[in-house]
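Contents: one structure, followed by commentary.
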Amino acid sequence: MSRRRITALVLAATAALTLSACSSASPEPSASAGGDDYGLTTEGTLTVATEGTYRPFTFHDETGRLVGFDVEIAEAVADKLGLEIAFEETQWDAIFAGLDAGRFDVIANQVSINPEREEKYLFSEPYTVSPGVIVVLEDDDSISSFDDLAGKTTAQSLTSNWYELAQASGATVEAVEGWAQAVALLQQGRVDATINDNLTFLDYETSEGPTGLKIAAETDDPAYNAFALTKDKDALVEAIDGALAELREEGVLAEISEKYFGADVTE
């Protein structure tokens, strides 16, 4: 066999081995493994906007660490997605502007889903469901529906939607600055009831109980709160929804909820 023929055979064998090695090599990791296809602000990190001053959802404990219901939900989601997490503490008035500007990927701050927001933003599946409730003294059986508020006196903040609901139900409204003042008037017997969201009442019961209060009735249309994202984050919101579904099935969402509210408020 000629030298030229031998050389040709060697080169052909070498090429075949190279092709075989290439075809058997492990595939490159997909972009989603690092979250690249999520359009993250920082590769490999879920950047989350939250106030840090909204107990029990997002606040600082006695050591100064950022904690809270929304914080733990966000941490659990990031862990499911294999991402690091970074929180950007932002005042509520500026939080959506920061999202629009791309400073962070999602907002986790009890953002309620409503038609106006849905026109501009994407929302994950809700991780909090909270109806409005009428709170009365635990020995008061005179109120069992919103119709029963007619002729009664409730304590409400004038800037809240609960004020409008109380008025629409026929109640006389005593103006207060917030929940703490409303509860004080109720416990003193100076008003008959106060309307607020269920989460506020459960948090108060968990942190202050026993309070001598109870829920007399609740609205038929609860508020649904979720992660908010910009409209270009379809892949990320889909991934978050998948993570939330797994966390719900595993009981993690209920566990976090029980920790902060003594009840499951996640569905």
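Within the range 176-191, the set of residues being in contact with a strand residue (DSSP E or B) (Cβ under 7 Å, 6 or more places away or on another chain) and more than 28 Å from Thr128 (Cα to Cα) comprises Leu185, Val191.
Output the number of residues of the range 243-266 satisfying the condition of being closer than 23 Å to Ser207 by Cβ and open to solvent by 80 Å² or more (accessible area, probe 1.4 Å). Reasoning before the result, please.
Kept after step one, since they are closer than 23 Å to Ser207 by Cβ, are these residues of the range 243-266: 252-266.
Subset that is open to solvent by 80 Å² or more (accessible area, probe 1.4 Å): 255, 258-259.
Residues that pass the stated criteria total 3.
Quick grid of which residues meet (1) within 15 Å of Gly68 (Cα to Cα); (2) at pLDDT below 95; (3) outside any loop (DSSP other than H, G, I, E, B); (4) hydrophobic (A, V, I, L, M, F, W, C):
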residue	(1), (2), (3), (4)
Asp221	no, yes, no, no
Tyr224	no, no, yes, no
Asp232	no, no, no, no
Asp241	no, no, yes, no
Glu246	no, no, yes, no
Leu253	yes, no, yes, yes
Glu258	yes, no, yes, no
Val265	yes, no, no, yes
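Which one of Thr159, Thr154, Thr128 is over 24 Å from the mean Cα position of the chain (by Cα) and among the hydroxyl-bearing types (Ser, Thr, Tyr)? If you could, list the steps in order and put the result at the bottom.
Values: Thr159 fails: over 24 Å from the mean Cα position of the chain (by Cα); Thr128 fails: over 24 Å from the mean Cα position of the chain (by Cα).
Sole residue among the options that is over 24 Å from the mean Cα position of the chain (by Cα) and among the hydroxyl-bearing types (Ser, Thr, Tyr): Thr154.
Taking the numbered list (1) surrounded by fewer than 20 Cβ atoms within 10 Å (Cβ to Cβ); (2) closer than 23 Å to Ser112 by Cα; (3) of a type outside the set (A, V, I, L, M) in turn, Lys233 passes all entries but (1). Apart from one condition, Ile215 fits all of (1) under 18 Å from the mean Cα position of the chain (by Cα); (2) touching a residue at least 60 places away in the same chain (Cβ under 8 Å); (3) open to solvent by 20 Å² or more (accessible area, probe 1.4 Å); the exception is (1). Among all residues of the range 188-200, there is none that is more than 23 Å from Val111 (Cβ to Cβ), of a type in the set (A, V, I, L, M) and open to solvent by 40 Å² or more (accessible area, probe 1.4 Å). Residues in the range 65-95 that are more than 22 Å from Gly251 (Cα to Cα), more than 15 Å from the chain's Cα centre (by Cα) and in a helix (DSSP H, G or I): Asp93, Ala94. On the stretch given as the range 37-64, residues that are without any contact (Cβ under 8 Å) to a residue 12 or more places away in the chain, open to solvent by 50 Å² or more (accessible area, probe 1.4 Å) and either within 21 Å of Leu244 (Cβ to Cβ) or part of a strand (DSSP E or B) (or both) total 1.
The values are calculated or read from the model by the stated rules, or taken from the named source; none is laboratory data. If you're wondering where the values come from, they're calculated on a predicted model, not measured in any experiment. Note: ideal-geometry Cβ built from the backbone for every residue, glycine included; neighbour counts use all protein chains shown. Ligands, DNA and RNA are excluded from the accessible area calculation, which covers all protein heavy atoms including side chains. Shrake-Rupley method; radii C 1.70, N 1.55, O 1.52, S 1.80 Å.
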